[in-house]
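Readers should treat all values here as calculations from the given coordinates under stated rules, not as data from a laboratory. Quick caveat: nothing in here was measured; it's all calculated off a predicted structure. Cβ sites come from the backbone with ideal geometry, for glycine too, and all protein chains shown count toward neighbours.
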Amino acid sequence: MITENQAKALASLLHEIRPRWSAPAMLKLLEKNHTHPAPFADIAAAAVSAARDPLIDTPGAFLHDQRFWPQETRKHLPRPAPCQDHIGEPAHQCRCCNADYKAGIRPMDMIGRHYDPPNIYEPHIEDNKAPANAGA
Ligand SMILES: [Zn+2]
């Protein structure tokens, strides 16, 4: 369980540790998971451990990544939600979404969620015309 005060405090602490994780985004994530069954002390410890891990990119990864939780809390963790775009991948650490994010074709907040990227290769009529010097 996460109260509003706890969420605010933890969101700004995580932002201090990991500047790329904005406090408002972290607050939103913590609010969304306010019914988490673990005690707040364990949630805070797991979140800080994840923020200190340079291999962790996704802010919400700690919620399901068992490595960050005390042994006795692990069995109470909720099952991770599946990625909305990639079958068999957990939403919080979808490898496909992370690859898209690193390639710059998926925003970080769309990792694990359905995302339709803008089609930058959409053909335009002008592009189909032969160049002026064609056949010259
Ligand atoms: Zn995915």
Exercise. List every residue pair whose Cβ atoms lie under 8 Å apart, where the two residues are 6 or more positions apart in sequence or sit on different chains, the first residue falls within region 19-43 and is part of a loop (DSSP other than H, G, I, E, B), and the second residue, located anywhere, is among the polar types (S, T, N, Q).
Key: HIS34/THR3; ALA38/THR73; PRO39/THR73
Practice problem: Scan region 10-22 residue by residue and report those that are over 18 Å from ILE111 (Cα atoms) and surrounded by fewer than 16 Cβ atoms within 10 Å (Cβ to Cβ). | Solution: SER12, GLU16, ILE17, PRO19
Quiz item: Of the conditions (1) under 24 Å from ALA99 (Cβ atoms); (2) crowded, with 18+ Cβ neighbours inside 10 Å, LEU55 fails just one. Which one is it?
Solution: (2)
Practice problem: State all residues of region 68-103 that are more than 18 Å from THR35 (Cα to Cα), assigned to a helix (DSSP H, G or I), polar (S, T, N, Q) and in contact (Cβ under 8 Å) with a residue 12 or more places away in the chain; if no residue qualifies, say none. | Solution: GLN93, ASN98
Self-check item: Which numbered condition ASP42 misses (of (1) of a type outside the set (S, T, N, Q); (2) loosely packed, with under 15 Cβ neighbours inside 10 Å; (3) farther than 21 Å from ASP109 by Cα)
Solution: (2)
Quiz item: When you scan region 57-93, how many residues do you find that are more than 13 Å from the chain's Cα centre (by Cα), among the β-branched types (Val, Ile, Thr) and within 12 Å of the ligand (Cβ to nearest atom)?
Solution: 1
